[in-house]
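Bear in mind that the values in this text are calculations on the coordinates, not laboratory data. Keep in mind that this is a model prediction, so the values were computed, not measured. With ideal geometry, Cβ positions are generated from the backbone for all residues, glycine too; neighbour counts draw on all protein chains shown.
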Amino acid sequence: MNKIEFNDGLLEYLATSPTPFHAVANLRPLFESQDFEYLDETQPWNIKPGGRYVVTRNGSALIAFILGQRPLHRSGLAMAGAHTDSPCLKVKPSPLLTGPGGVRLGVEVYGSPLLNTWFDRDLSIAGRVSFVQEDAGSQAIQSTTVDLKRPLAVIPNLAIHLDREANKNRSVQNQKELPALISDGAHLSEPLEGLLKKELAEKRIALESAAILEYELQLYDTQPPDYTGHTRELFSSARIDNLLSCYTLAHGLANASAGKSSLIVLNDHEEVGSHTPEGASGNFLSQILERILPDPQERAMALAQSFMISSDNAHALHPAHVEKYDPGHSPLLNNGPVIKYNANRRYATTSETAARFRLLCRSAGVPTQSFVMRSDMPCGSTIGPLVSSLTGVPTVDIGVPMLAMHSIRETAGCEDAFFLYRVMVEYFQ
């Protein structure tokens, strides 16, 4: 795959994956095309050397793995991880707020988005809906992804004439200002459930005599990803953090040969602490490893010989705020993947794991950069320290440099995305 093909595919993936449920579902054709067998956690498994397998949890987290011919307790696993979720605004269970000026949708802040970037954007709704088809004589709960696609809502700013200090001191009052305007009030022909039923009808799921029981929905910006920059060397999109890594790791693994035992884990809920069954602090990875290697001693031997690349985006040097970066550790766009360090182990990188990643990049012909947060500023974290502490696997934290992390629209470099893909292909081969 060349750089243009890779980046075109990445932008399509970003455009069609407004939620973690879509991010996982949209990887299914890739794995099917490469003969990965889908496994069910509720059923017995019969996995064999040379096999290629995928398992999901909650529809929002995924583990895919290839088993080589060598026994795992003698070879270990080449592992890599990322997360499927991004900061956003989630629709509340009973969201419609009717009052003077129109009808709004109540929302809850998920993670730590840059809230000011959500104002005056064309917003739609996507997520997962759970329902029963009562006319079929069954009370079995079914679930499906939904994406209403068209602009349905907006969070309007207050005009400058009514807030003369807006450009000097702008803070957001979440409960008051973030509910999204969905109707002027006079033209709301149907409640939210009606819109969802229409979407499900397009999927040929008849709900005339059925009922929507619950949903997990979120707002998203309908502006599609696109290339930018003087020579289209950059691209801007929602959810670059961290769907770029998900797409890259999945393609790196799917295109690898079966000679080496390899695994990727794409966890949900990293942005809110990972303490869920499908999060990095949950037991998803550990239970899958137990099923791959039932013998505790062989599993311990395999993990001691394994390696984990935790891939989550890094902060590129912002040209208007160079004072926010540590000198010598200020990554530049299109200059290669970033190795992330923190003395307090908010990142899992050690000297040995960093050295191993640098050598891997050298073998792939890819440059590397370094990032350390300023000593007077707090450091974020990733799934890396969580996975490393739960499994004991040596881990390096890396990522593609980007601007405007956690904005509704982020920016990254086309060279960097393809650099990371080349590294992952080299790693899994």
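List the residues whose amide H sits under 5 Å from the amide H of Val265, counting only those 5 or more places along or on another chain, with H placed 1.01 Å from N in the peptide plane.
Amide H to amide H, under 5 Å and 5 or more residues apart or across chains, Val265 pairs with Ala80, Gly81, Ala82.
Order of Val55, Val322 from fewest to most other C-beta atoms within 10 Å?
Neighbour counts put them in this order, fewest first: Val322, Val55.
Within the chain, what's the longest stretch lacking GluC sites (Glu not before Pro) that sit in DSSP loops with no more than 10 other Cβ atoms inside 10 Å?
Value returned for the longest uninterrupted segment is 209-429.
Using the Cα gyration tensor of the range 84-177, with a ≥ b ≥ c the square roots of its eigenvalues, what is the shape: rounded (a/c below 1.5), prolate (a/b larger than b/c) or oblate (neither)?
It is prolate, given that a/c is not under 1.5 and a/b is the larger ratio.
Using the basic label-point model (7 angstrom from Cα toward the beta carbon), what is the Ala166 to Arg358 distance in nanometres?
About 5.0 nm separates the two model spin labels.
Find out how many positive minus negative residues lie around Glu410, taking Lys and Arg as positive, Asp and Glu as negative, among other residues whose Cβ is under 15 Å from that of Glu410.
Spelling it out: positives minus negatives among the neighbours equals -4.
As a quick test, which of the pairs Lys149/Lys324; Lys90/Lys198; Lys168/Lys324; Lys90/Lys149; Lys92/Lys198; Lys90/Lys176 have an alpha carbon distance above 26 angstrom in this structure?
Exceeds cut-off: Lys149/Lys324.
With a 10 Å Cβ neighbour count serving as the proxy for reagent exposure, in which order, fewest first, do Ile155, Ile66 appear?
Fewest-to-most Cβ neighbours within 10 Å comes out as Ile155, Ile66.
With the dipole of the chain worked out from charges on the C-beta (+1 for Lys and Arg, -1 for Asp and Glu) around the Cα centre, which of Val107, Phe284, Thr222 lies farthest toward the positive end?
Phe284
Label the range 45-118 by shape, choosing from rounded, prolate and oblate, from the square roots a ≥ b ≥ c of the eigenvalues of the Cα gyration tensor; if a/c is under 1.5 it is rounded, and otherwise prolate applies when a/b is larger than b/c, oblate when it is not.
prolate
Calculate the length of the line joining the C-alpha centroid of the range 381-429 to that of the range 1-19, in whole Å.
The range 381-429 and the range 1-19 have Cα centres spaced 16 Å from each other.
Identify which of the listed values of Kirkwood radius over Cα pairs in Å was calculated from the structure shown: (i) 27.3; (ii) 21.0; (iii) 22.8.
(iii)
What net charge do the residues around Val372 carry, taking every other residue with its C-beta under 10 Å from that of Val372, with Lys and Arg at +1 and Asp and Glu at -1?
That works out to +1.
Using a ≥ b ≥ c from the Cα gyration tensor of the range 299-384 (square roots of the eigenvalues), is it rounded, prolate or oblate, where a/c under 1.5 gives rounded and otherwise the larger of a/b and b/c decides, a/b for prolate?
Oblate, because a/c is 1.5 or more while a/b does not exceed b/c.
For a quick check: sort Cys246, Cys379 by the number of other beta carbons within 10 angstrom, fewest at the front.
Lowest to highest Cβ neighbour count: Cys379, Cys246.
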